[in-house]
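One structure is given below, encoded as structure tokens.
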Amino acid sequence: MKKLFKTLAVFFITLTTIFATETLNLMPVPKSLELNNSKCYLHREFKIEIKSHHGDDLYTYATRILRRLDERTGLCFHQDILVPNEPVENAFLTIETQRQGQVKLYENESYELVISESEIKLNAVTDIGAMRGLETLLQLLGADENGYFFPTLKINDEPRFPWRGLMIDVARHFHDVHVIKRNIDGMAALKMNVLHLHLCDDQGFRIESKVFPKLHLISGEEQYFSQEQIKDIVRYAKARGIRVIPEFDVPGHGTSFIVAYPELSSSNKPVTLERTWGVHDPTLNPTEDITYKFLDQLFEEMGTLFPDEYFHIGGDENNGKEWSANEKIKKFMKDNHIPDNHALQTYFNKQILKILTHHQKKMIGWDEILQPELPRESVVHSWRGPNFLVQAVRNGYQTILSNGYYIDLIQPASYHYMIDPVPQDSNLTEEEIKFVLGGEATMWSEFVDDDVIDSRIWPRTAAIAERFWSPAEIQDIDDMYRRLEVTCFRLEEHGLNHIRYQEMFFRRLTNNQDTRPLKTLVDVIEMLKIYNRHRTFFKNEKYQSHTPLTRVVDATLPDPKIPREFSKLIDQYISSDFSPEYEQKIRNQLNLWKKNDPDLRAIAKKSPMLNEILPMSEKLTTMSEIGIKTLEYIKSQKKPSIFWKRNALKSLENCKEQVAGTELMVVAPIEKLVMKITD
Ligand code: TNX
């Protein structure tokens, strides 16, 4: 019976959602939605009233919503700011909450939104739920010849997972307060609720410490958050129902600690701040009291800046080299019956845990913290794969998933979208599934600075946010991309520059000449995926902290639209049995690509920075010529010689090779077409 009910519920959700998402642009898709068939038009008299006063945050939130609506519609509403205890006459939207929300794990974020032709009602248990509902309302805005409107409907919504995070690495490249804030706004728009700041690593220490000032003064290299700035970020996030969790990565990735305070080191080697990426040796010494005294004081200080009950200690990728090379550490291990480096890390974690518990914090760390005797209230943050997550859950730990959500690896939104925090085929029981708290998209910043970062986070993170919020059954990739496109341009209203940064880069790259030929090329190339860019060199050197991130590769967008559409077009052409309508479209596109190269070369003459990408431009021409020839063969129903086909495939293979950290994304469809000629 229970099962039948569940199946029916899933059916209902899917039905209502399919109905809804065909016409609406909601992201994430709500839990349930009933659409009526009329419109609620917006007018200048539109006013919001909050009927309950549980803290001021909702008032400022609703005021921002009003302004955003105003900016989109140009209606110039009469209502100014919303102020507590000031009655609003003839309010069109009334909001009612039962209590103030806490920015805390498991806080209630549910809401009910009812839109009729003459009024809108938003009810929520907490003000945070109301904030989530207000974002939904804004996403519902439509327009027709009569003006701006909301569709009439009823939504009941709540998240599937309580932990929906974004991690930003501010250590490899520092990111300023305004960058963090605009991304917090993006998170709120997508109903995400945890900002995780990776605050230190081998390349720098990015937060002021009054107790150990050399940390920021030496290892911050003038790029760090002051304590006032951190308080400001935490306050800004809280006002949007978002928790902020700090990460201090120990004992590995420890260079920034050791440069400032060499006494913490596991070796005698002199160290300098790391300028390259990857896993490095410097590791804190787990056998000396001084290490724990230091971390005790530091974590106490930092714990007061970040009020969240969770505190991330990193714990990843300690290669153990320094421990194995240190006689004193080896003796300590022997004396204390610690058999290997893993056990030594467990010993270290246990001491850290005592410190955190003493400061009323719960510990969260990357996979590697999962060792025997890890207390059950710790959270395991899984980056190595679903198996590790399942293992942690089976051992009774709460977990969050990041493996599969590494947005620095430039995989398409569809890839991230289909990864579920609850691993498929894991056979976890209903009870065990409750231990999966959710996940975090991770923005490691080896290849992003303040200009590029938004384009690496958005819009793909919106698809991940939907995975964390919406019912698991919502899986239609085409519909996700349709809604993602709308979400993407809407995100610009927060000052996010994920779209407009490109034009600025093009101007610099062309030396302010015509940017169109460069755009034509950039539209079809992408940065190398996974760790392949890490493996390339620039000017015969490994990438370093100061290597410029202003090259063509940095102006490319992840998951570009034109290649996706071109691939679809080729499929349609093939499945329509080579319809002339599609043929014409393909031909137009190929002709445009084919003749782009001379134009780009002319521009490169006055902008040598473009030279490195010219071989890619040539590949685009070669590929297009092969494509055009293939269309001719198909049209005339003539078969090419066996040599032609062999050479064409060989050239296409060559077109797939990387140039200047980029790859051409439209070769595979042409290959498919060539294969069709003789089939
Ligand atoms: C692995 S995930 C790391 C980071 C890198 C990242 C790049 C983890 C705990 N460590 O140090 O920045 O890969 O993708």
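The numbers here are math on the coordinates, done by the rules we state, and not lab data. On a predicted model such as this, the values are computed, not experimentally measured, just so you know. Cβ sites come from the backbone with ideal geometry, for glycine too, and all protein chains shown count toward neighbours.
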**OP:** List, in order, the whole-Hz ³J(HN,Hα) value for each residue of the range 76-89 obtained from phi through the Karplus relation with A = 6.51, B = -1.76, C = 1.60 and θ = phi - 60°; use x for Gly and Pro.
**Re:** 6, 4, 5, 5, 8, 7, 8, 10, x, 6, 10, x, 10, 7
**OP:** Identify all aspartates and glutamates with a Cα-Cα distance to Lys39 below 16 Å; exclude those on the same chain that are fewer than 8 residues away in sequence.
**Re:** Glu117, Glu119, Asp144, Glu145
Subject >> Length gained when the stretch Phe489-Thr94 is fully extended (0.36 nm per residue, less Cα-Cα span) >> reply: 139.4 nm
**OP:** Provide the percentage of antiparallel DSSP beta bridges, counting only those with both residues in the chain; round to the nearest 5.
**Re:** 40
Subject >> Distant-in-sequence amide H partners of Asn36 (H built 1.01 Å from N, under 5 Å) >> reply: Thr152, Leu153, Lys154
**OP:** Search the structure for amide H atoms under 5 Å from the amide H of Lys362, placed 1.01 Å from N in the peptide plane, and list their residues when 5 or more places away or on another chain.
**Re:** Tyr310, Phe311
**OP:** Name the aspartates and glutamates eligible as straight-distance cross-link partners of Lys629: C-alpha to C-alpha under 13 Å, and not fewer than 8 places from it in the same chain.
**Re:** Glu583, Glu671
Original post:
Dipole of the range 110-162 (Lys/Arg Cβ +1, Asp/Glu Cβ -1, origin at the Cα centre): which of Thr152, Thr136, Ile115 lies farthest to the positive side?
Top reply: Thr136
Subject >> Whichever lysines have a C-alpha closer than 26 Å to that of Lys330, once near sequence neighbours (fewer than 8 apart) are set aside >> reply: Lys269, Lys293, Lys321, Lys350, Lys354
Subject >> Extension gain, Lys561 back to Lys331 (0.36 nm per residue minus Cα-Cα distance, nm) >> reply: 76.9 nm
Original post:
Given R₀ = 35 Å, FRET efficiency for Glu317-Ser226 by Cβ-Cβ distance, to 0.05?
Top reply: 0.75
Original post:
Contour minus end-to-end for Ser38 and Gln360, with contour as 0.36 nm per residue of separation and end-to-end as the Cα-Cα distance?
Top reply: 110.7 nm
**OP:** Tabulate in residue order the Karplus-calculated ³J(HN,Hα) for the range 397-403, using 6.51 cos²θ - 1.76 cosθ + 1.60 with θ = phi - 60°, rounded to whole Hz; enter x for Gly and Pro.
**Re:** 9, 6, 9, 10, 9, 10, 4
**OP:** Report the residues of the range 122-138 in range of a label on Thr60: point 7 Å along Cα→C-beta, backbone N strictly under 14 Å from it.
**Re:** none
Original post:
If you take the beta carbon distance between Val177 and Asn395 as r and set R0 to 35 Å, what does 1/(1 + (r/R0)^6) give as a FRET efficiency, to the nearest 0.05?
Top reply: 0.35
**OP:** Just name one of Val667, Leu484, Thr94: the one whose Cα is farthest towards the positive end of the charge dipole of the chain (beta-carbon charges, Lys/Arg +1, Asp/Glu -1).
**Re:** Val667
**OP:** May I ask you to evaluate 6.51 cos²θ - 1.76 cosθ + 1.60, the Karplus curve with θ = phi - 60°, for each residue of the range 101-107 and list the ³J(HN,Hα) values in order in whole Hz, giving x for glycine and proline?
**Re:** x, 9, 7, 8, 4, 6, 5
Original post:
What is the magnitude of the charge dipole of the chain about its Cα centre, with +1 placed on the Cβ of each Lys and Arg, -1 on the Cβ of each Asp and Glu, and no other charges, expressed in debye to the nearest 20?
Top reply: 1740
**OP:** Work out how far the C-alpha atoms of the range 502-677 reach from end to end along every principal axis, then list the three figures in whole Å, largest first.
**Re:** 54, 32, 26
Subject >> Relative contact order (%) - the chain, alpha-carbon pairs under 8 angstrom, separation at least six >> reply: 11
**OP:** Output the pairs from Lys434/Lys561; Lys181/Lys656; Lys121/Lys231; Lys231/Lys529; Lys181/Lys542; Lys529/Lys568 with a Cα-Cα distance over 28 Å in this structure; if there are none, say none.
**Re:** Lys434/Lys561; Lys181/Lys656; Lys121/Lys231; Lys231/Lys529; Lys181/Lys542
Original post:
Over the Cα atoms of the chain, how large are the radius of gyration and the largest Cα-Cα distance (Dmax), in Å?
Top reply: 27.3, 83
